[in-house]
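Q: For reference, the structure I am asking about is given below.
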Amino acid sequence: MTFLFLVLFSLPVVVLGDVNLNFEVKDKVTTSDKEEIKKGLLFLASEQAVLKMASEKSINFDQLRSKLDKKFKDYLSRFHAKKLSEKFGSKYSETLSPEIKKEYLASLKINESDLFKSFAGYLYPIKSHQFKEFKLRSDSSDQWEALIELNVDSNKMDNLIKSILNDERVGLQKVFIMSDIEADSFTWPEMNLTDSKKFLDPINSSWIEWIKDNYSQVVTEVKICDQKCMNFYHEWVSAEASQASIPIDYFEASFLRIDFNLKRTKLDPIFHETGFSWEGRVILQDINTKKIISNFSMPLEKRSFRSLDQRGLNSALASQLYRAPFTAFLQLQKQLESKQVAGKLGRVLLKGLDHLGDVFAFIEHLKVRGSLLGLEVSLESFSKNEAFLTCFYRGEEKSFSDLLSGLKEIKLRQPYQLMGEFTGVQYTINFMTESSKE
């Protein structure tokens with residue numbers, strides 16, 4: 001969808017951190033779907049809200065947009081590298097011609113315009129919107145115009161602008177919530193519900209709002225993992241991290257699993273009393289790397305409910321389960337805001353080390369050298385003269401590759417000269433002794 005826009009006026013009204021803005025926008029479209037047309041117009045209005053509020057803070061919008069465009073270009077480049085590696089192996093850069101790369105990437109059919117609209121995050125600060133006018137221009141068959149009122153959360157707008165200007169990618173980008181309840185000693189029809197989904201849907205919606213409000217500096221988008229998402233999850237969970245095929249919708253995103261074991265402990269029809277106990281776990285897992293970022297247990301809790309009809313009981317129980325993961329949420333929030341998340345994955349092959357003790361000594365040396373990247377290193381496998389390491393780190397890939405290329409020598413059981421190379425998505429470090437050079 002191509003677009004034109006025109007802003008005629010904006011009228012701000014500030015109320016408790018919220019700002020009401022009106023924008024008149026125009027969009028030249030290639031679709032007849034009115035809902036899709038409205039989405040495009042809403043994006044244009046939200047972009048103008050960013051422009052206006054950034055300008056009020058003396059931030060040049062052209063500079064802001066340039067930063068965003070670069071981040072989007074880098075994001076696409078990382079995704080392209082991931083897909084090429086999945087299809088052709090980690091050494092694709094050595095074997096593929098530019099023509100074959102271009103042909104394969106074109107076959108992915110990525111709508112970059114729609115993808116940018118999601119990536120930009122312009123809708124994130126918009127609390128609500130209203131189309132005051134929406135019509136097709138009388139002198140055009142493909143140009144629509146609208147007057148849209150936006151209610152903007154100014155704090156979230158500040159966070160959005162800061163995240164665009166920040167050169168360091170920290171925290172999370174997109175989170176997909178998956179929740180489940182294992183029912184013990186009761187059935188959902190006994191609760192006048194068809195299944196756990198009917199019970200969890202309103203709780204999930206409330207969690208989403210809480211995360212949006214409290215994780216605003218580290219999370220740009222929160223969604224329920226719908227059926228399409230669940231289908232991907234089941235494929236993803238059974239594949240190795242290096243072999244998992246990641247669609248663009250889930251690239252650089254995370255799964256947030258919230259699982260309960262819910263048991264009915266008491267059912268007393270005489271005194272109209274029902275008891276429940278529950279416990280569970282909250283797990284945040286990076287989709288690209290399969291790294292478990294955080295893993296929290298929800299301790300056992302018990303409650304009894306009296307003199308409630310079934311609807312009231314369901315509501316009271318839902319309120320309790322809604323609150324249950326808050327301790328985990330708050331701990332996770334502190335972890336994310338302190339930038340402790342190392343979400344980038346690097347695989348390193350060590351060649352020439354035939355002693356496991358030397359491998360572990362090198363790992364400790366690498367951790368010390370990579371402390372500013374929050375480097376976490378684990379030994380994936382070891383065989384004669386070869387060891388595979390899995391590394392998680394923060395920041396840009398160049399910082400990690402610079403760290404590895406800066407390793408020139410090390411003394412383990414004996415002195416080694418180090419020679420490194422990078423092929424696609426894997427780093428190789430050759431350990432050379434004086435005798436092996438000859």
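Q: Out of all the residues in the stretch 298-335, which are among the hydrophobic types (A, V, I, L, M, F, W, C) and out of contact with any strand residue (DSSP E or B) (no Cβ under 7 Å at 6 or more places or on another chain)? Even if it seems obvious, please write down each step before you answer.
A: Within the stretch 298-335, the subset among the hydrophobic types (A, V, I, L, M, F, W, C) is 298, 300, 305, 308, 313, 316-318, 321, 324, 326, 328-330, 332.
Matches in the stretch 298-335: Leu308, Ala318, Phe326, Phe329, Leu330.
Q: Further question: Between Phe43, Phe61, Phe79, which is under 25 Å from the mean Cα position of the chain (by Cα) and surrounded by fewer than 21 Cβ atoms within 10 Å (Cβ to Cβ)? Give the derivation first.
A: On the way: Phe43 fails: surrounded by fewer than 21 Cβ atoms within 10 Å (Cβ to Cβ); Phe61 fails: under 25 Å from the mean Cα position of the chain (by Cα).
Criteria check complete, one pass: Phe79.
Q: Also, I was wondering about something else. Can you tell me which residues in the stretch 173-216 are in contact (Cβ under 8 Å) with a residue 60 or more places away in the chain, over 22 Å from Ile287 (Cβ atoms) and charged (D, E, K, R)?
A: Within the stretch 173-216, Glu182, Asp184 meet the criteria.
Q: Can you pull out the residues in the stretch 247-275 that are β-branched (Val, Ile, Thr), in contact (Cβ under 8 Å) with a residue 12 or more places away in the chain and either assigned to a strand (DSSP E or B) or farther than 20 Å from Gln227 by Cα (or both)?
A: Filtering the stretch 247-275 down to residues β-branched (Val, Ile, Thr) leaves 248, 258, 265, 270, 274.
When the remaining residues are screened for being in contact (Cβ under 8 Å) with a residue 12 or more places away in the chain, the result is 248, 258, 265, 274.
The answer is Ile258, Thr265, Thr274.
Q: While we're looking at this one, here's another question. Being closer than 18 Å to Ile208 by Cα and small (Gly, Ala, Ser) is the filter here, so list the residues in the stretch 244-259 that pass it.
A: Within the stretch 244-259, Ala253, Ser254 meet the criteria.
Q: Could you please let me know if Ile177 is within 23 Å of Phe251 (Cβ to Cβ) and modelled with pLDDT of 95 or more?
A: Details: within 23 Å of Phe251 (Cβ to Cβ): yes; modelled with pLDDT of 95 or more: yes.
Yes.
Q: Could you tell me whether Lys87 is touching an Asp or Glu at 6+ places or on another chain (Cβ under 7 Å) and either assigned to a helix (DSSP H, G or I) or exposed (fewer than 14 other Cβ atoms within 10 Å of the Cβ) (or both)?
A: Working: touching an Asp or Glu at 6+ places or on another chain (Cβ under 7 Å): no; either assigned to a helix (DSSP H, G or I) or exposed (fewer than 14 other Cβ atoms within 10 Å of the Cβ) (or both): yes.
No.
Q: Continuing with this model, one more query. One residue is enough: does the stretch 153-173 have a residue meeting the conditions over 30 Å from Lys83 (Cα atoms) and touching a strand residue (DSSP E or B) at 6+ places or on another chain (Cβ under 7 Å)?
A: Yes, there is a match, as at least one residue in the stretch 153-173 is over 30 Å from Lys83 (Cα atoms) and touching a strand residue (DSSP E or B) at 6+ places or on another chain (Cβ under 7 Å).
Q: Let me ask something else. Which pairs have Cβ atoms under 7 Å, sit 6 or more apart or on different chains, and link a residue in the stretch 71-93 that is free of Cβ contacts under 8 Å to residues at least 40 places away in the same chain and of a type in the set (Lys, Arg) to one that is crowded, with 18+ Cβ neighbours inside 10 Å and in a helix (DSSP H, G or I)?
A: Sorted first by the residue in the stretch 71-93, then by its partner, the list stays empty.
Q: Then there is this: Quick check, is Ile248 closer than 22 Å to Leu332 by Cα and of a type in the set (A, V, I, L, M)? Please lay out each step first, then the result.
A: On the way: closer than 22 Å to Leu332 by Cα: no; of a type in the set (A, V, I, L, M): yes.
Taking the combined requirement at face value, the residue does not satisfy it.
Q: Of all residues in the stretch 139-163 being assigned to a strand (DSSP E or B) and among the β-branched types (Val, Ile, Thr), which is farthest from the chain's Cα centre (by Cα)? Break it down stepwise before answering.
A: Just the residues of the stretch 139-163 that are assigned to a strand (DSSP E or B), to begin with: 143-153.
Now narrow it down to the ones that are among the β-branched types (Val, Ile, Thr): 148, 152.
Numbers: Ile148: 29, Val152: 23 Å.
Only one residue tops the list, namely Ile148.
Q: May I pose another question? Considering Glu145, Glu149, which residue is surrounded by 14 or more Cβ atoms within 10 Å (Cβ to Cβ), charged (D, E, K, R), closer than 19 Å to Val29 by Cβ and touching a residue at least 60 places away in the same chain (Cβ under 8 Å)? Don't jump to the end; show me each part of the working.
A: On the way: Glu149 fails: closer than 19 Å to Val29 by Cβ.
It is Glu145.
Q: Determine which member of the set Lys174, Lys135, Lys117, Lys162 is of a type in the set (Lys, Arg) and under 30 Å from Ala324 (Cα atoms). Don't jump to the end; show me each part of the working.
A: Values: Lys135 fails: under 30 Å from Ala324 (Cα atoms); Lys117 fails: under 30 Å from Ala324 (Cα atoms); Lys162 fails: under 30 Å from Ala324 (Cα atoms).
Going through Lys174, Lys135, Lys117, Lys162 in turn, just one is of a type in the set (Lys, Arg) and under 30 Å from Ala324 (Cα atoms): Lys174.
Q: Keeping to the stretch 16-25, report how many residues are surrounded by fewer than 18 Cβ atoms within 10 Å (Cβ to Cβ) and modelled with pLDDT of 85 or more.
A: Counting residues in the stretch 16-25 that are surrounded by fewer than 18 Cβ atoms within 10 Å (Cβ to Cβ) and modelled with pLDDT of 85 or more gives 1.
Q: Sticking with this one: Select from the stretch 26-49 the residues that are hydroxyl-bearing (Ser, Thr, Tyr) and at pLDDT 90 or above and list them in ascending order.
A: Ser46 - this is the single residue of the stretch 26-49 that is hydroxyl-bearing (Ser, Thr, Tyr) and at pLDDT 90 or above.
Q: Here's something else I'd like to know. State which residue is surrounded by the fewest Cβ atoms within 10 Å (Cβ to Cβ) when the search covers only the stretch 220-234 and only residues that are among the β-branched types (Val, Ile, Thr) and either within 12 Å of Pro247 (Cα to Cα) or without any contact (Cβ under 8 Å) to a residue 60 or more places away in the chain (or both). Break it down into steps so the answer makes sense when it comes.
A: First, pick out the residues of the stretch 220-234 that are among the β-branched types (Val, Ile, Thr): 220, 222, 224.
Filter once more, so that each one left must be either within 12 Å of Pro247 (Cα to Cα) or without any contact (Cβ under 8 Å) to a residue 60 or more places away in the chain (or both): 222, 224.
Numbers: Val222: 20, Ile224: 15.
Out of the qualifying residues, it is Ile224.
Q: Moving on. Which is more than 26 Å from the chain's Cα centre (by Cα) and surrounded by 15 or more Cβ atoms within 10 Å (Cβ to Cβ), of Glu386, Glu396, Glu421?
A: On the way: Glu396 fails: more than 26 Å from the chain's Cα centre (by Cα); Glu421 fails: surrounded by 15 or more Cβ atoms within 10 Å (Cβ to Cβ).
Among Glu386, Glu396, Glu421, only Glu386 is more than 26 Å from the chain's Cα centre (by Cα) and surrounded by 15 or more Cβ atoms within 10 Å (Cβ to Cβ).
Q: If you don't mind, another one. Quick check, is Lys127 part of a strand (DSSP E or B) and without any contact (Cβ under 8 Å) to a residue 60 or more places away in the chain? Walk me through how you get there before you give the answer.
A: Details: part of a strand (DSSP E or B): yes; without any contact (Cβ under 8 Å) to a residue 60 or more places away in the chain: no.
When the stated conditions are applied, Lys127 does not pass them.
Q: Determine whether Lys408 is modelled with pLDDT of 85 or more and exposed (fewer than 11 other Cβ atoms within 10 Å of the Cβ).
A: Values: modelled with pLDDT of 85 or more: yes; exposed (fewer than 11 other Cβ atoms within 10 Å of the Cβ): yes.
Here the answer is yes, as Lys408 does meet what is asked.
The values are calculated or read from the model by the stated rules, or taken from the named source; none is laboratory data. Here the structure is a predicted model, which is why all the values come from computation and not from measurement. Because the Cβ atoms are built from the backbone with ideal geometry, glycine has one as well, and the counts that use them run over all protein chains shown.
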